[in-house]
1. Can you go through Asp96, Asp14 and tell me which one is farther than 13 Å from Ala124 by Cβ, open to solvent by 20 Å² or more (accessible area, probe 1.4 Å) and touching a residue at least 60 places away in the same chain (Cβ under 8 Å)?
2. Any idea which residue in the stretch 33-72 is farthest from Asp13 (Cα to Cα), counting only those that are within 14 Å of the chain's Cα centre (by Cα) and open to solvent by 50 Å² or more (accessible area, probe 1.4 Å)?
3. Is there a residue being β-branched (Val, Ile, Thr), closer than 18 Å to Cys19 by Cα and part of a loop (DSSP other than H, G, I, E, B) anywhere in the stretch 99-110?
4. Suppose we filter the stretch 73-96 for residues that are within 21 Å of Asp11 (Cα to Cα) and in contact with a helix residue (DSSP H, G or I) (Cβ under 7 Å, 6 or more places away or on another chain); how many remain?
5. Filter the stretch 109-123 for residues that are hydrophobic (A, V, I, L, M, F, W, C) and at pLDDT 80 or above; which is most open to solvent (accessible area, probe 1.4 Å)?
Amino acid sequence: MKKIILLADDDRDDAEMFCEALADIDQNIICHCAENGSEALKTLKKQDKIPEVIFLDLNMPIMNGWECLKELKLDARYKEIPVIMISTSSHKNDMDKAANLGALCYFVKPNNFNDLKQVLQLFASNLENGLKVTLPNLEKNKYLHVFL
């Protein structure tokens, strides 16, 4: 059974590395990429199957991660999809804002491929069990800040 993940990130290198890491982890994961929040919403509307999880970069042109998260949480079709905010910064006020807007978790982008792969492995191996149930167990990872 194919699992779908949607990634919105305007940094092509980061998006490529992200999808490459997922492909290494699990051949059954399909990674759809969008360059901004607006494109992510359009991609969602075109899909027959909603993704298991959405990763949103905070800072993107046209529609940033915050605006996209607000839109997702207002839409009955998408509000239950777990959303993980991603950023290179680990500012506490960004994490608080992500939690208040309904994100499941805040993920600080690792600098190297193996660290990224390790964190994505945690997500990938917990998609079936439901991320809301398993994410609290991932809190000890230095790149993740889980809100529940």
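1. Asp14
2. In this case the residue turns out to be Ile50.
3. no
4. Selection size over the stretch 73-96: 3.
5. Phe113
Rundown of residues vs (1) over 12 Å from Leu6 (Cβ atoms); (2) out of contact with any Phe, Trp or Tyr (no Cβ under 6 Å at 6 or more places or on another chain), yes/no style:
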{"residue": "Leu22", "(1), (2)": "no, yes"}
{"residue": "Ile30", "(1), (2)": "no, yes"}
{"residue": "Ile81", "(1), (2)": "no, yes"}
{"residue": "Met85", "(1), (2)": "yes, no"}
{"residue": "Ser89", "(1), (2)": "yes, yes"}
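The values are calculated or read from the model by the stated rules, or taken from the named source; none is laboratory data. If you're wondering where the values come from, they're calculated on a predicted model, not measured in any experiment. Neighbour counts run over all protein chains shown; Cβ positions are idealised from the backbone, glycine included. For accessibility, only protein heavy atoms count, side chains too; no ligands or nucleic acids. Shrake-Rupley method; radii C 1.70, N 1.55, O 1.52, S 1.80 Å.
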